[in-house]
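The values are calculated or read from the model by the stated rules, or taken from the named source; none is laboratory data. Being a predicted model, the structure only gives us computed values, none of them experimental. Because the Cβ atoms are built from the backbone with ideal geometry, glycine has one as well, and the counts that use them run over all protein chains shown. Protein only, heavy atoms only, side chains kept; ligands, DNA and RNA dropped before computing areas. Shrake-Rupley method; radii C 1.70, N 1.55, O 1.52, S 1.80 Å.
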Amino acid sequence: MFSRVVLQYGLLWVQYSIMPCSRFSFACQGLSVPLPSPRARSADGRDVRVPPLFGFPCAPYPCWLKKPPRFGFHSLPDSVPPRLSSRTVFVGSPPPPPGTQRMVALVRPGLVFGLALVGTPAVGLAAMVRDVADLSPSRGGFSPSRDASSGGGRQTPEELGFSSDEDVDAGGYGTSQFSEEFCLDIGAKGFPIPTLNMLNAANWDVPTYFAQLQGAGYAEDALQMTGPDSAILKTDCMKERFHGKAKHIFVGDSQMMALRNAFHRLNKCPEIWWANHSEKDIDDMLGTVRRNEASKTQVKSRSRFRSRSDQAPDKLPHGCTEEGIASFVSWDAWASQKIPVREIKMEMDLAGVSPADGDLVVVWIGSNFIPAVHRMSTLLQSINELHELKVKMVWDSPTFQDDALMTATTTYDLGRGQRNRQPIAYSYIKQRKQSGQIGSNEFRTEQTLFDQGIEIPTTKRWQISNRYRGLQCDGIHTDMRARDPLFYDLPCPMGRQKYGKSNYCTWVEPFRAELRASCPEASGLDDLVLQSGLYAMCAAHEKPFCYTYTEHIR
């Protein structure tokens, strides 16, 4: 296949290289291939068609265009008029008629070969990444007075009039009306909080720090999501068919547990957190640690102890439906780069859903503990494996980790510096963050992927937790209910590790359990993260968050 394509386009290159024109590019669905050519049109003015490249339909675009037109990774819907087919690409034509899905991203050739090197087929990736904006000029822009409950309770991009094109004209279709006055926020203002300065002033005493915040107006009731109801997307906004079931599955660690419960709150369903452990359970785990430390022939394991969680409440209260309950699949991304595909399939089977039968399955996936060196390969493998399952995917960007608050709440006391009186542990934690040992590469991986032209639905957890920083009690979680209680101070199953070292399992900075009562439950930030994921799937180029309109959050 590859040699045939190289020969085909090599002959095309030789044929056109002797003719007197500058350059033009073949714009394909998902790929842009620059080639020399005499002209972009035939003698009668029509576009010259070329054979598909790697399975992508291609068409030339004129050399005077500075950038190729935008194409998507999916075929056109059945509602397209007969003169269009799912294998036809139009270049330089007017905006598509109503019902035509707009195209979004382009893949650079270098990245396509990079994906092949890590085992991710370019065709598989291109078929999976989707832009679900299907807009009509007659639908107009986003209106705050529009009833969000119209359409039988569903809330789709078509009903809202969102645009997926960031370059639309003010008079065109789908003009957004988000602004500093019409956006999603949390009640408290004055972010980001100067965490380090306040901790220094409080002598690094966490109860004093949070007491000062509460006195300044950062109480729990002010840390909830605020905004117009018409701007809050529902969890079925990406549903393309009226028939069929819908199932959301959250795969990962504590940050996905927090997101799953934000999903439940939005659907008026009970929150489901980690299961409790008895003293006997803890003693049994510590006994396992002692036996492994004493064993000379122990099997090396990279996993941590982790708590279980129920998949559904005992009873559904009024207003909560079965589709409003999400499943949780635990994934230790530090121990295994591969996502738990078998467990995801089991949840799909238990829920009785199948994408092949027209059901909607959305897998939200992310982790706080993916090593920076492996994050890109883990992301690409996840894209490929979820595409094979034929499910929709939302990638959760990493959490901003506040090293100052992490230092103030750790169980390790290494003393204070003689000059600045700061905890010595702060220098160690800050150094680990700068070296990439913690922080999951701080959004650099995702930004690199986007810079290459790949757009996948991704939450704005990094941006939100960064802009609203100062509320993460342990330096990671704004809602401490999401932190696994076995991650407080329990050692690895294979034995205790030296401070800051990930010899057996990933190092997690231990947390002083007595500080839990001082921590505010800023669950509104997780609600914002959930909305960012829904917007990434249903209205990717909208900017619904207030922080995007101000340099400093008021």
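Structural remarks
- For region 459-473, 3J(HN,Hα) computed residue by residue from phi via the Karplus equation (6.51, -1.76, 1.60; θ = phi - 60°) reads 6, 9, 4, 4, 5, 5, 5, 6, 5, 9, 5, x, 10, 7, 4 Hz, glycine and proline entered as x.
- For T226, nonlocal amide neighbours, meaning residues 5 or more places apart or on other chains whose placed amide H falls under 5 Å from its own, are D185, I186, G187.
- Extended-chain gain in nm, criterion 0.36 nm per residue less alpha-carbon gap, L389 and S278: 36.2 nm
- Along region 303-309 the Karplus relation, 6.51 cos²θ - 1.76 cosθ + 1.60 evaluated at θ = phi - 60°, assigns HN-Hα couplings of 8, 10, 5, 9, 7, 9, 8 Hz to successive residues, with x for each Gly and Pro.
- Carbon and sulfur %, accessible surface of region 293-333 computed with the full protein complex present, 1.4 Å: 48
- Percent carbon-and-sulfur accessible area, region 492-545, ignoring ligands, DNA and RNA, probe 1.4 Å: 44
- Amide H to amide H, with H built 1.01 Å from N, R416 comes under 5 Å of I424, counting only residues 5 or more places away or on other chains.
- Neighbourhood charge, 9 Å Cβ-Cβ cut-off, centred on T478 and excluding it, Lys, Arg +1 and Asp, Glu -1: -3
- HN-Hα J in Hz across region 416-429 - Karplus 6.51, -1.76, 1.60, θ = phi - 60°, x for Gly and Pro: 10, x, 6, 8, 9, 6, 8, x, 5, 4, 4, 5, 5, 5
- Here the dipole of region 240-291 is about 340 debye; that uses its Cα centre as origin and unit charges on the Cβ of Lys and Arg (positive) and Asp and Glu (negative).
- Whole-percent carbon and sulfur share, accessible surface of region 379-444, 1.4 Å: 42
- Amide H contacts under 5 Å for F545: L184, restricted to partners 5 or more places along the chain or on a different chain, H placed in the peptide plane at 1.01 Å from N.
- For the cross-link pairs K189/K460; K338/K460; K234/K338; K268/K392, the ones whose C-alpha atoms lie over 28 Å apart are K234/K338.
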